[in-house]
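This report concerns only the one structure given below.
The values are calculated or read from the model by the stated rules, or taken from the named source; none is laboratory data. Just so it is clear, the structure is predicted and the values come from calculations on it, not from any experiment. Here the Cβ positions follow ideal geometry from the backbone for every residue, glycine too, while neighbour counts run over all protein chains shown. Just so you know, the surface numbers come from the protein's heavy atoms only, side chains and all, with ligands and any DNA or RNA stripped out. Shrake-Rupley method; radii C 1.70, N 1.55, O 1.52, S 1.80 Å.
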Amino acid sequence: MPRLPWDQLFPPRIRAAIFSVYPRRASSVAVHLRDIERAELRRFARRVGRACGLLLMENSMDAKVGSLPAPRREKNGQTVSERVRNRILRQGRRFHANDNIGEFLQEGELAQLQQEVAEKMHGVLESLVIDTANDHNTRETAGRLAKMYIQEIFAGRYNVMPDVTEFPNVEQLNELMVVGPLRIRSACSHHLCPIMGQVWIGVLPHKDSSLIGLSKYGRLVQWIMSRPQIQEEAVVQVANLLESRLKPEGLAVVLEADHYCMRWRGLKDDEARMVNSVMRGSFLKDASLRSEFLSLLPRR
């Protein structure tokens, strides 16, 4: 007879109910279908539900399990997030919120990771005492959140760096170039609240510098910002990436942003903004060059 993992048979609240009534059975890693046939399984779940004040509809168990399957596990019991984490640890690399881990993901694992996040988000909603089974507004919220985090606002963690074509500085350009404002969107690492702002980039090339297309500045900045960030680290990451790609004589980055962890919660100050800058090479040494760059930025 087939053997089903315990966490695929019941949604979280029913697992908790069964454990409270039948701790020995609930602590098993798996349940044999020859021990509990399908009809008996439904009766068993309803009995436990009544004991805990959780009356179930006839098909609620099937609907819940079918719509939000448990995270897939290998034979050794690992989830996809555990597999990826172990690969990173074996390489001695870190995986902070604003680090990119795309190189450690294998084919198909991003979709599995999204599925795992959806299951765990469902648990968060249940812990917030939201009736996702009967509330049509939140029934699919866990899946929406997982898709949003993995494919959109945190995509810079999971996708490798976008392709950027570099060109030699054939004309040996050596004059100041300013790019911006480029719109940035991120989320603060502390509360996952939005960070919305703009960034300006100043580049002073020399004859051996690489040149990139105007839109590529935006793509690289977006890749860095599409992760949980704090602004002080984000502006340094942007500068490090551009400096490594362009190898300029000088580089300047100014980032200005609104932080909704201050607007939306906590202090609830609608006016406060943060501005910070990174100066490298000639911009750090030459005050007149630095002043020229800052004077070319529009009044904020």
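Go through (1) in a loop (DSSP other than H, G, I, E, B); (2) surrounded by fewer than 17 Cβ atoms within 10 Å (Cβ to Cβ) one by one and return the number of the condition A111 breaks. Here A111 meets the rest and fails (1). Within segment 242-299, the set of residues being over 31 Å from the mean Cα position of the chain (by Cα), open to solvent by 50 Å² or more (accessible area, probe 1.4 Å) and within 20 Å of E232 (Cβ to Cβ) comprises L284, R290, L294. When you check V164 against the structure, is it of a type in the set (V, I, T) and within 14 Å of the chain's Cα centre (by Cα), yes or no? Judged against the criteria, V164 is not a match. Within segment 132-157, restricting attention to residues that are open to solvent by 60 Å² or more (accessible area, probe 1.4 Å) and of a type in the set (S, T, N, Q), which residue is farthest from R245 (Cα to Cα)? My answer is N134. Inspect all residues belonging to segment 222-236 and state whether any of them is at pLDDT below 95 and of a type in the set (S, T, Y). Checked segment 222-236: no residue is at pLDDT below 95 and of a type in the set (S, T, Y).
Screening segment 186-206 for residues that are in contact with a Phe, Trp or Tyr (Cβ under 7 Å, 6 or more places away or on another chain) and of a type outside the set (A, V, I, L, M) and picking the one that is surrounded by the most Cβ atoms within 10 Å (Cβ to Cβ) gives G202. Being part of a loop (DSSP other than H, G, I, E, B), open to solvent by 70 Å² or more (accessible area, probe 1.4 Å), under 28 Å from H96 (Cβ atoms) and of a type in the set (A, V, I, L, M) holds for only one residue in V164, V160, V129, and it is V160. Filtered by the rule that a residue be more than 20 Å from K120 (Cα to Cα), in contact with a helix residue (DSSP H, G or I) (Cβ under 6 Å, 6 or more places away or on another chain) and open to solvent by 30 Å² or more (accessible area, probe 1.4 Å), segment 76-99 gives a lone residue, R87. Every condition in (1) touching a helix residue (DSSP H, G or I) at 6+ places or on another chain (Cβ under 9 Å); (2) open to solvent by 60 Å² or more (accessible area, probe 1.4 Å); (3) basic (K, R); (4) under 18 Å from V164 (Cα atoms) is met by R183 except one, and the failing one is (4). For segment 207-225, the criterion of being of a type in the set (G, A, S) and touching a Phe, Trp or Tyr at 6+ places or on another chain (Cβ under 6 Å) is satisfied by no residue at all.
Every condition in (1) surrounded by fewer than 18 Cβ atoms within 10 Å (Cβ to Cβ); (2) more than 22 Å from S189 (Cα to Cα); (3) in contact (Cβ under 8 Å) with a residue 12 or more places away in the chain holds for E103 except the one numbered (2). Listed by position, the helices (runs of 4 or more DSSP H) enclosed by segment 195-300 that each have at least 1 residues that are in contact with a Lys or Arg (Cβ under 7 Å, 6 or more places away or on another chain) and of a type in the set (A, V, I, L, M, F, W, C) are 214-225, 231-246, 282-285. Only a single item in (1) touching a strand residue (DSSP E or B) at 6+ places or on another chain (Cβ under 6 Å); (2) more than 26 Å from Q229 (Cβ to Cβ); (3) not hydroxyl-bearing (S, T, Y) is not met by G108, and it is number (1).
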